Amino acid sequence: MSTVSVKSDRPSALAEFWYYFSRNKGAVIGLAIFLFVLFLAIFAGLVAPHDPDAAYGSDMQRLPPFWAQGSNSSFLLGTDANGRDLLSRLIYGTRFSLFIGLVVASLSAIAGILIGLLAGYVRGRTDTIIMRIMDIILAIPSLLLALVLVAILGPGLTNAMIAISIVNQPHFVRLTRASVMTERDKEYVIASRVAGAGPLRLMFKTILPNCLGPLIVQGTLAFSSAILDAAALGFLGQGAQPPTPEWGTMLADSREFFQSNPWLVTFPGLCILITVLAINLMGDGLRDAFDPKLKRS
């Protein structure tokens, strides 16, 4: 008797995800830009033509980009007020921006998911206390709260990342709580509870995996928000400190030359704009890929 194996025609989860993600052309463009920025961040030491902190003398200060009169072919995007290569500093700045986004998004997600999971599952007084604290944090403008926290902790990149993580945390708490409240009374959770699963197993093994879709989308938004907030703190002198090649700090160092040498401000600003826009476009694509209503249509 021969056994006939039936091969399923259903695509793999990865293929299905890519199908819905790639339907959003903006998300694909955003992914391509993000991968390029990631490549620059990883291989900055090989791609950058100069040392980002090396000053090349007073006669090399504020050179214009290569297409302008008075430029130097060794410095494609010109030099800053200290005679440092602007292109190299922008390339190394991708490392700091992506590192800040990754650390802040990870800290915000871990803390927010744990707190939201507890609030949504336990409910009662614990839920009320947690959510009122989150409401207080959300009631204060995020940048203002981050500035207050950095003023308390002290200026610096590490303290800025901690402050931004605290500011972004309530979004994960509220989203996780809402997802857990939706899932906790469904049949599969009740069946696991009847089978003897304890609270920790129910929260982390049963409920949480079914809440990851919207949390991943929120993670991309937190990533881009962290880059913007870090740049804002750096611009205000409370984030990364000179001579760190961080885009917000570069903006702050060049603002007095906005009229005489506008490229010193334009290029860091464009880097922030393009990177944040690319990540937000990716977030839209992830939302489309994880949206069950879209998949049923």
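The values are calculated or read from the model by the stated rules, or taken from the named source; none is laboratory data. In this text, all values refer to a predicted model and were calculated from it rather than measured experimentally. Cβ coordinates were reconstructed from backbone atoms using ideal geometry, including for glycine residues, and neighbour counts include every protein chain displayed. Areas reflect the complete protein model, heavy atoms only, side chains present, ligands, DNA and RNA absent. Shrake-Rupley method; radii C 1.70, N 1.55, O 1.52, S 1.80 Å.
Results, tabulated for the structure shown:
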| item | result |
| --- | --- |
| Any hit, the stretch 80-97, residues being in a loop (DSSP other than H, G, I, E, B) and small (Gly, Ala, Ser) | yes |
| Enumeration of residues in the stretch 136-152 that are open to solvent by 50 Å² or more (accessible area, probe 1.4 Å) and free of Cβ contacts under 8 Å to residues at least 24 places away in the same chain | 136, 139, 140, 141, 144, 148, 152 |
| Selected residue (criterion: farthest from residue 44 (Cα to Cα)) from residues of the stretch 80-107 that are of a type in the set (Lys, Arg) and open to solvent by 10 Å² or more (accessible area, probe 1.4 Å) | 84 |
| Candidates 225, 260 - the one that is open to solvent by 30 Å² or more (accessible area, probe 1.4 Å) and either in contact with a Leu (Cβ under 6 Å, 6 or more places away or on another chain) or assigned to a helix (DSSP H, G or I) (or both) | 225 |
| Among (1) outside any helix (DSSP H, G or I); (2) open to solvent by 60 Å² or more (accessible area, probe 1.4 Å); (3) of a type in the set (Val, Ile, Thr) - the single one residue 244 does not satisfy | (2) |
| Residues being surrounded by fewer than 16 Cβ atoms within 10 Å (Cβ to Cβ) and in contact with a Lys or Arg (Cβ under 8 Å, 6 or more places away or on another chain) - total across the stretch 182-213 | 1 |
| The stretch 107-141, residues that are farther than 18 Å from residue 204 by Cα and small (Gly, Ala, Ser) | 124, 139 |
| Tabulated pairs, the stretch 197-210, first under 18 Å from residue 181 (Cβ atoms), second in a loop (DSSP other than H, G, I, E, B) and open to solvent by 30 Å² or more (accessible area, probe 1.4 Å), C-beta under 7 angstrom, 6+ apart or interchain | 207/184 |
| Qualifying residue in the stretch 54-77 (condition: small (Gly, Ala, Ser), assigned to a helix (DSSP H, G or I), surrounded by 16 or more Cβ atoms within 10 Å (Cβ to Cβ) and in contact (Cβ under 8 Å) with a residue 24 or more places away in the chain) | no |
| Those residues of the stretch 17-53 which are open to solvent by 60 Å² or more (accessible area, probe 1.4 Å) and not in a helix (DSSP H, G or I), in sequence order | 23, 43, 49, 51, 53 |
